[in-house]
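**Q** Just dropping this structure here.
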């Protein structure tokens, strides 16, 4: 079967598929488990033999990747109107988010592989500062889209959305010429909000700036546009990952989900880099450690890392004896520098 970005569902009468977004942190990088050479997430139709949605997810993940599953939660359910079954019904996705420890994958027919999630969302990686492509390529194209609206109220609404989602001040109006479109003033714009990953993806999709979008017209875009918007995926699977990124970035501010992604013993530096890998922004070292100390989240193991260079760092573990939900309900992880 030859897949395209808006492919019809193969023969069958089912209307529901389960999709798994499995996240791991390896080498300080946030990674997502994929199949089909990175074009799909582990997925499959919900079958009568499955006792529950979770049972379906676990079966397809095991068959396609052999990756052991730990913590999973239902992520989002939506209708993919671009895909139909043999009876013409639109397909319903039920997606799940799983946090796992990355394992070595065997050679499978599904060609399962771990991928850096910023390969799919390069504009979300601000660990070395905001990517130049945001100001130089993405925002100008979004402003052109905003100005293409026929109603002034819709043009204004789109510009406001751009400012809120991308952390810029769009100085564009109907009188601007093309050379001035998309100028971004960081001092006058909104702050970059990491949790808005899904909103940013959906705006690019709506504007026809992603290959997954039916309105995509690559011939009218800059030649270096593919590098700015990352690797596309089949169906709506990249949107599913964007949903998972937004969910994780929001939840790590008030729930200790990060501890499902780090080893049992870790250094504080490793822990901070893992949080940064998920959030896409650098955190202030002293504020981060102050938060850990104040909330009493970790405790020393009494051992140190075997560092090849410099002084060995103390190893810590997560305190499982704490009532996590009540402890973190009113606190948040520190923001970027």
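Just so you know, all these numbers are worked out from the coordinates, no wet-lab data involved. Fair warning: this is a prediction, and the values are worked out from it, not measured in the lab. Neighbour counts run over all protein chains shown; Cβ positions are idealised from the backbone, glycine included.
**Q** How far is it, in nm, from the label point at residue 231 to the one at residue 111 when both lie 7 Å from their Cα along the line to the Cβ?
**A** For the pair residue 231/residue 111, the computed spacing is 1.0 nm.
**Q** For the ranges 23-32, 68-77, what's the packing order if you count other beta-carbon atoms within 10 Å of each residue, average per peptide, and put the highest first? Could the numbers behind the result be given before it?
**A** Details: 23-32: 18.4, 68-77: 14.4.
Peptide ranking by packing, descending: 23-32, 68-77.
**Q** Report the FRET efficiency, 1/(1 + (r/R0)^6), for residue 202 and residue 285, where r is their Cβ-Cβ distance and R0 is 45 Å, rounded to 0.05.
**A** 0.85
**Q** Let me ask something additional. Full-extension gain between residue 304 and residue 16, please, as 0.36 nm times their residue separation minus the C-alpha to C-alpha distance.
**A** 98.8 nm
**Q** Shifting gears a bit: Arrange the peptides 193-204, 224-235 so that the one whose residues have, on average, the most other Cβ atoms within 10 Å appears first. Could you put the intermediate results ahead of the total?
**A** Numbers: 193-204: 20.7, 224-235: 17.8.
For the peptides 193-204, 224-235, the packing ranking is 193-204, 224-235.
**Q** By average Cβ neighbour count within 10 Å, what is the ranking of 250-261, 131-142 from highest down?
**A** Values: 250-261: 18.2, 131-142: 19.8.
Ranked from most to least packed, the peptides come out as 131-142, 250-261.
**Q** Here's another thing I want to ask about it. Please give the length that would be gained between residue 150 and residue 311 if that part of the chain were fully extended, namely 0.36 nm times their separation in residues minus their C-alpha to C-alpha distance (nm, one decimal). All intermediate terms of the calculation are to be shown ahead of the outcome.
**A** Values: separation 161, 0.36 × 161 = 57.96 nm, distance 6.32 nm.
Full-extension gain reported as 51.6 nm.
**Q** To continue, here is another question. Under 1.5 on a/c is rounded, so check that first for segment 57-169, then, if it is not, pick prolate when a/b is larger than b/c and oblate when it is not; a ≥ b ≥ c are the square roots of the alpha carbon gyration tensor eigenvalues. It would help to have the intermediate numbers written out before the result.
**A** Numbers: a/c = 2.77, a/b = 1.59, b/c = 1.75.
The shape class here is oblate.
**Q** What does the extension gain come out to for residue 223 and residue 254, with contour length at 0.36 nm per residue minus their alpha carbon separation?
**A** 7.0 nm
**Q** What nm value, rounded to one decimal, do you get for the distance between residue 54 and residue 78 when each label is placed 7 Å out toward the C-beta?
**A** 2.5 nm
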